[in-house]
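The values are calculated or read from the model by the stated rules, or taken from the named source; none is laboratory data. All values reported here derive from a predicted model rather than from experimental measurement. Cβ coordinates were reconstructed from backbone atoms using ideal geometry, including for glycine residues, and neighbour counts include every protein chain displayed. Please note that ligands, DNA and RNA were not included when accessible areas were found on the heavy atoms of the full protein model with its side chains. Shrake-Rupley method; radii C 1.70, N 1.55, O 1.52, S 1.80 Å.
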Amino acid sequence: LVLSDCSGQTGTERHPGGGALAAVLRSNAVLMARVREAQFQDVKKRRRSGLLRGLMIVHMKQGLDVDPVDWIDCEDPAEASDEARSQAQRGPLTPYGVRKDIQEMLAAVRTDLDAFSEAEAYALMASGYMMVGHQAKRLAKELGLAAGAEAAVAPKAGWKFLQVLDPMQRKQGFDAEHQRLRDVLEAARSAALKVFLLSKPLRIGAFAVLAAIAAGILWWQREALVAAGGALVERPLVLAAIVLVAVALFGKSVFARGLGGFWRTLVKAAIALVASVVGWVVAGLYLMVFNPWYLRLGRAAKVMFR
């Protein structure tokens, strides 16, 4: 039995949301994690009981370090040094040869069925190939089929995804490519606005547009700035300008930390309502302009400078 688990595994959250929507979503994530764990326990019991001759399981966090988690302000933290791990767990590489920092990022890649850039797709393919190859060798030996196992999983020359294998396995000698691949995979965690994370000129341009809109509204209302004094916040256009400036300067942290659970949920509901009414305009603009831009920035050729 061969199991390939590509699910987005539930992660820890130091500051979980306190709103009604956040609690429901987190509860569902915990439920799915329990279902996943129960399925794995079931197949492992079948293997131990002899119902299965062989079992191979691969998942996105395979071979990564699992460190103990201390509670907040713990006065007796657990040791998580390299010496405390087994020999197979030490070092920067997983047992199948992919750097642990890269594999951690691959495990965090979104699972939404949107456009994947070439570098993202190649990195996922290369990681999966190396992982399955390593497990296939073990399974072949377990079943007494060791002869030919090495040749069966040898990389085939000409496979395009092998372009990104070197910066996934080594950093020395591939420092620039390694960092570029990290940048692409860091952006791949987001479900939206990924192109803004990869393009510094685009981020600067977006900030400039927001600042220009805010400045234009303030200039339009300049007489109100002089006459109204402390009553400025009662004027909708001036208030809109203040909000635009706040968003441009502080981003989503303005809403993430400054609002209570009820108001945070209310803001999310308002955003969802606006998105459902005019979202097709934004989605169309994204598909025509920003999505192709993102795919160009994520080409393997841009990662592999050599």
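Please give the FRET efficiency for LYS44 paired with ALA211, using the beta carbon to beta carbon distance and R0 = 45 Å, rounded to the nearest 0.05. Let's see the in-between values first.
Numbers: r = 57 Å, r/R0 = 1.26.
Efficiency, rounded to the nearest 0.05: 0.20.
Write out the trypsin sites (Lys or Arg not before Pro) in the stretch 1-54 meeting two conditions: DSSP loop, and at most 15 other Cβ atoms within 10 Å of their Cβ.
Details: sites: ARG14, ARG26, ARG34, ARG36, LYS44, LYS45, ARG46, ARG47, ARG48, ARG53; in loops: ARG14, ARG53.
Taking the stretch 1-54 and a limit of 15 other Cβ atoms within 10 Å, the loop trypsin sites (Lys or Arg not before Pro) found are ARG14, ARG53.
Given R₀ = 45 Å, FRET efficiency for VAL274-GLN172 by Cβ-Cβ distance, to 0.05?
Values: r = 49 Å, r/R0 = 1.09.
E(calc), rounded to 0.05, equals 0.40.
Can you give the accessible area of LYS100, probe radius 1.4 Å, in Å² rounded to 10?
Here the residue's solvent-accessible area equals roughly 10 Å².
Sorted from largest to smallest, which semi-axis lengths in Å does the alpha carbon gyration tensor of the stretch 4-52 give for its equivalent ellipsoid, taking the root of 5 times each eigenvalue?
Numbers: eigenvalues 192, 18, 13 Å².
The answer is 31, 10, 8 Å, longest axis first.
Report the label-to-label distance for LYS200 and TRP293 in nanometres (one decimal), using points 7 Å from each Cα along the Cα→Cβ vector.
A separation of 1.7 nm, rounded to one decimal place.
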